[in-house]
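One structure is given here, and the rest of the page talks about it.
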Amino acid sequence: MRALTTIVAEPWDDWALIDCGNGQKFERYGDITVVRPEPQAMWAPASENWDPHATFVPGSDEDGGGRWVQHRPVPPEWPLERGDVRFQASLTPFRHLAFFPDMAPQWDWMRARSADAEVLNLFGYTGVGTLQLSDAGARMVHVDASKKSVEAGKANAALSGMAERPIRWMVDDASKFAAREVRRGRRYDGILLDPPKFGRGPTGEVWRLEEDLAPLLADCRKLLDQDSRFLVLTVYAVRMSALAIGELLAQLVSDLGGSVEAGEMAVREEARGLLLPTAIFARWSR
């Protein structure tokens, strides 16, 4: 039986989970505090006296929708940093704040394996992960179907003083891009996959994680070889098991040697130190 691992995002200067409970979480992003829905926070919060700048009020359906209510003015964007990487946070219509802080331990794990590496970041979003790995010495290929997200990534690179780093910014469908890279005979030292539950490509391609993940992961395996170093897969907001994606990845990379980990991602709450689960993951490394 595969043992499951929990990796934990600890608070840092520009981000923290302050408190959580009763189906919500209270976070700090720089000087801005927000409350967002969090079904996994089933316990009572440490305090009833939350006073956020903004609260996200969800829509009536579980697949999305909702709006931000500002209790005090919040700027359209404000800068945050982690290490030497600077990036903009914002209140997005999708309830998050334009990056995912629980990815920090994954970034650090990949940074340790990224010196002089060629790394592919699929579903790269606003580029915070791409810049973290570039800062560690990787040559990056950043792919996202949203032109707006890719432009935000370029802006974050400029904000970090990294505009001239070796990063290819690609507006493309992740599955189609990976398949073309396979046909071209390309290979990578590392791959980061952070797919959404549902999405659309730049020309209307439909992505459904439960149907499309396995074929994409199979193509990603073809982009790795005996000299490759890692593959990281994270999965959010789906009824899927860490054991399932761990076994899928282990089967695909069995001929490469190395090791596969799978488990849960979590963030540590400042108030009591409890762990709030956020996602599942599987990763391979040599």
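The values are calculated or read from the model by the stated rules, or taken from the named source; none is laboratory data. Please read these numbers as outputs of a predicted model, since none were measured by experiment. Neighbour counts are summed over all protein chains in view; Cβ atoms, including those assigned to glycine, are modelled from backbone coordinates with ideal geometry. In case anyone asks, the SASA skips ligands and DNA or RNA and just uses the protein heavy atoms, side chains included. Shrake-Rupley method; radii C 1.70, N 1.55, O 1.52, S 1.80 Å.
Suppose the filter is assigned to a loop (DSSP other than H, G, I, E, B) and either farther than 20 Å from Leu231 by Cα or out of contact with any Cys (no Cβ under 8 Å at 6 or more places or on another chain) (or both); does Pro93 pass it? Show your work before the answer.
Details: assigned to a loop (DSSP other than H, G, I, E, B): yes; either farther than 20 Å from Leu231 by Cα or out of contact with any Cys (no Cβ under 8 Å at 6 or more places or on another chain) (or both): yes.
The answer is yes for Pro93.
Got a number for residues in segment 1-60 being among the small types (Gly, Ala, Ser), surrounded by fewer than 20 Cβ atoms within 10 Å (Cβ to Cβ), without any contact (Cβ under 8 Å) to a residue 40 or more places away in the chain and under 17 Å from Leu276 (Cβ atoms)?
So the answer is 2.
Restricting to segment 76-95, and then to whatever is free of Cβ contacts under 8 Å to residues at least 40 places away in the same chain and closer than 20 Å to Lys154 by Cα, can you tell me which residue is surrounded by the most Cβ atoms within 10 Å (Cβ to Cβ)? Steps first, please.
Going through segment 76-95, the residues free of Cβ contacts under 8 Å to residues at least 40 places away in the same chain turn out to be 76-77, 90, 92-94.
Okay, now just the ones that are also closer than 20 Å to Lys154 by Cα, so 76-77, 90, 92.
On the way: Pro76: 7, Glu77: 13, Ser90: 18, Thr92: 13.
Checking each candidate, the answer is Ser90.
Counting only residues that are assigned to a strand (DSSP E or B) and over 13 Å from the mean Cα position of the chain (by Cα), how many does segment 119-141 have?
Here is the first cut: in segment 119-141, the ones assigned to a strand (DSSP E or B) are 119-122, 139-141.
Adding the requirement that they be over 13 Å from the mean Cα position of the chain (by Cα) leaves 119-120, 139-141.
Total meeting the criteria: 5.
Mind counting the residues in segment 124-135 that are touching a Ser or Thr at 6+ places or on another chain (Cβ under 9 Å), surrounded by 21 or more Cβ atoms within 10 Å (Cβ to Cβ) and not polar (S, T, N, Q)?
So the answer is 5.
Which one is modelled with the highest pLDDT among residues in segment 180-216 that are under 20 Å from the mean Cα position of the chain (by Cα), part of a loop (DSSP other than H, G, I, E, B) and among the acidic types (Asp, Glu)?
That would be Asp189.
So for segment 199-208 (the condition being buried (at least 18 other Cβ atoms within 10 Å of the Cβ) and within 21 Å of Met103 (Cα to Cα)), does at least one residue qualify?
Yes: segment 199-208 contains one or more residues that are buried (at least 18 other Cβ atoms within 10 Å of the Cβ) and within 21 Å of Met103 (Cα to Cα).
Are any residues in segment 217-241 open to solvent by less than 10 Å² (accessible area, probe 1.4 Å) and within 19 Å of the chain's Cα centre (by Cα), and if so, which ones?
Leu217, Cys220, Phe230, Leu231, Val232, Leu233, Thr234, Val235
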